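A quick write-up on the structure given underneath.
The values are calculated or read from the model by the stated rules, or taken from the named source; none is laboratory data. Just so you know, these numbers come straight off a predicted model, no measurement behind them. Heads up, the Cβs are rebuilt from the backbone with ideal geometry, glycines too, and the neighbour counts pull from every protein chain shown. With ligands, DNA and RNA removed, areas are computed over all heavy atoms of the protein, side chains included. Shrake-Rupley method; radii C 1.70, N 1.55, O 1.52, S 1.80 Å.
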Amino acid sequence: MANFVFISSENALERYSDFRIARIDGSKATTMKAFYEAIARELAFPDYFGHNLDSLDELLNDFEWLQEDKIALYIYNADAFLSQEKSDEKKADLLNLLDVTAEDWKWVDDEVEETSPKQFLVLFDPSERLRTLLDKEGFAYEKPE
């Protein structure tokens, strides 16, 4: 299963009814700074979140403060997501972090590590701009059914 999934509509979220879904409005997360604020709020990040990529990496690979074992980041109004972020490199770095984090959670062994396994996915509304970016960077994704 790909870590990035395009869903056809809000109704398609029913497929993920057993997930904690953090909803990010792409029209309000048009920059990295706005994205950090939105994800911190939606996933109830601890106060020590540093609003940067390193801190995001640390928290997404922890999730100890969340009860749920399945977490989905749902970005709706996806065409506007990071649309005002000038650096394509920053966008690619964020997507890479999200992809690697989702992949790493698939391999957590709770008998060896001190954390329980989680499932993490990133869901997007349909967006040609994001598909183009994912294709350009070589990320796998699922298309809507």
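Brief remarks follow.
- Residues of the stretch 78-98 that are of a type outside the set (K, R), open to solvent by 70 Å² or more (accessible area, probe 1.4 Å) and either in contact with a Cys (Cβ under 7 Å, 6 or more places away or on another chain) or farther than 17 Å from F139 by Cβ (or both): D79, Q84.
- Among the residues of the stretch 24-52, the one identified as open to solvent by 30 Å² or more (accessible area, probe 1.4 Å) and touching an Asp or Glu at 6+ places or on another chain (Cβ under 6 Å) is T31.
- For the stretch 56-71, the criterion of being open to solvent by less than 30 Å² (accessible area, probe 1.4 Å) and over 18 Å from F19 (Cβ atoms) is satisfied by at least one residue.
- Any chance L121 is more than 25 Å from S17 (Cα to Cα), at pLDDT 95 or above and either of a type outside the set (V, I, T) or touching a strand residue (DSSP E or B) at 6+ places or on another chain (Cβ under 6 Å) (or both): no
- Yes/no for L66 being modelled with pLDDT of 95 or more and aliphatic (A, V, I, L, M): no
- Residues in the stretch 126-144 that are part of a loop (DSSP other than H, G, I, E, B) and open to solvent by 30 Å² or more (accessible area, probe 1.4 Å): 5 in all.
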